[in-house]
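Right, one structure below, let's go through it.
The values are calculated or read from the model by the stated rules, or taken from the named source; none is laboratory data. Computed from a prediction, not measured in an experiment: that's the story for all the values here. Here Cβ is always computed from backbone atoms with ideal geometry, including for glycine, and neighbour counts include all displayed protein chains.
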Amino acid sequence: MKRIALFLGIVLFLGACSSVMITGRRQLLLVSDAEVLSMSATAYKQFIDSVPASKDLQNSALVSKVGDNIANAVFTYMKNNNLAADTSNYAWEFRLVQDTTVNAFCMPGGKVVFFEGILPMTQTEAGMAVVMGHEIAHAVAKHSNERLSQQMVASFGAGLADMLLANRSAATRQTINILYGIGAQVGVILPYSRKHEYEADRLGLIFMAMAGYDPNEAVTFWQRMAGDGTGSTLEFMSTHPSDGNRIAKMKEVIPEAMKYYNKQ
Ligand SMILES: [Zn+2]
């Protein structure tokens, strides 16, 4: 019986392996996109019920425009590269909220939130595209699903096969609640690993380039973030440290992103 469970576990495990578009990195995804989407929709609703939308209509419209431009460009790329099946798992929404925190995030499935406090850092439409590209990349590379899956393996370890076969929804719900801090502080998402951050930087540059935004703007944006000497708490910085390493790595990827930019 144990052997059967182990076998099934391995089969499910292998079946759950997929790879990230463009980077080709293999990842383990144990939760279906539909499940992740429905749970993040609940978390997103809690968030927008508690934080009012921005009254700055001009910048709200700009956030939507940049989000639409990049999401459409990414979807066009997916459709042209036999990845169309994946596009049904997103319900994009781009929102600017009334909050002076320097922050932005994207929930799995495509709910992107910009805080007003990040506008002095983004400054221009292209600056917005840097942050938008990065956040959309987290969603498209399914970093939340991967993190959730890793967390499930860590929490349920030996009982994984049983859990996958029997009680997966409950386990998923429990884990997503932990990751998203639901019930405590809505909208607080645990920082991604460095690996995910670098991947989101690389894909983010490519995605903004696909939409016609110059990826070189990313260096300027991150230098601004690094150079903010006001001593204010930059939420985005605490989850996205902009050390020299990060900027250097981004510069390495710019030539790759420029190939997509020049195709415009
Ligand atoms: Zn990030």
Looking only at segment 18-43, which residues are assigned to a loop (DSSP other than H, G, I, E, B), at pLDDT below 85 and among the aliphatic types (A, V, I, L, M)?
-> Leu30, Val31
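What do you reckon, is Asn145 within 16 Å of the ligand (Cβ to nearest atom), in contact with a Gly (Cβ under 9 Å, 6 or more places away or on another chain) and either among the polar types (S, T, N, Q) or at pLDDT below 95 (or both)?
Working: within 16 Å of the ligand (Cβ to nearest atom): yes; in contact with a Gly (Cβ under 9 Å, 6 or more places away or on another chain): no; either among the polar types (S, T, N, Q) or at pLDDT below 95 (or both): yes.
Against the criterion (within 16 Å of the ligand (Cβ to nearest atom), in contact with a Gly (Cβ under 9 Å, 6 or more places away or on another chain) and either among the polar types (S, T, N, Q) or at pLDDT below 95 (or both)), Asn145 does not qualify.
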Pairs, please: C-beta under 7 Å, at least 6 apart or cross-chain, first residue over 11 Å from Asp201 (Cα atoms) and in segment 244-264, second small (Gly, Ala, Ser) and surrounded by 16 or more Cβ atoms within 10 Å (Cβ to Cβ)?
-> Met258/Ala209; Tyr260/Ala209; Tyr261/Ala209
State whether one or more residues within segment 58-71 are touching a residue at least 40 places away in the same chain (Cβ under 8 Å) and either of a type in the set (Ser, Thr, Tyr) or not in a helix (DSSP H, G or I) (or both).
-> no
Any pair with Cβ under 6 angstrom, 6 or more apart, that starts in segment 192-212 at a residue that is assigned to a helix (DSSP H, G or I) and ends at one that is crowded, with 24+ Cβ neighbours inside 10 Å and β-branched (Val, Ile, Thr) | Phe207/Ile70; Phe207/Val74; Phe207/Ile136
Determine if segment 134-149 includes at least one residue that is touching a helix residue (DSSP H, G or I) at 6+ places or on another chain (Cβ under 8 Å) and free of Cβ contacts under 8 Å to residues at least 60 places away in the same chain.
-> yes
Within segment 81-117, the residues that are at pLDDT 95 or above and more than 17 Å from the chain's Cα centre (by Cα) are Val97, Gln98, Glu116
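For Met237, are the conditions met, namely being at pLDDT below 80, among the aliphatic types (A, V, I, L, M) and either in a helix (DSSP H, G or I) or within 13 Å of the ligand (Cβ to nearest atom) (or both)?
Numbers: at pLDDT below 80: yes; among the aliphatic types (A, V, I, L, M): yes; either in a helix (DSSP H, G or I) or within 13 Å of the ligand (Cβ to nearest atom) (or both): yes.
Judged against the criteria, Met237 is a match.
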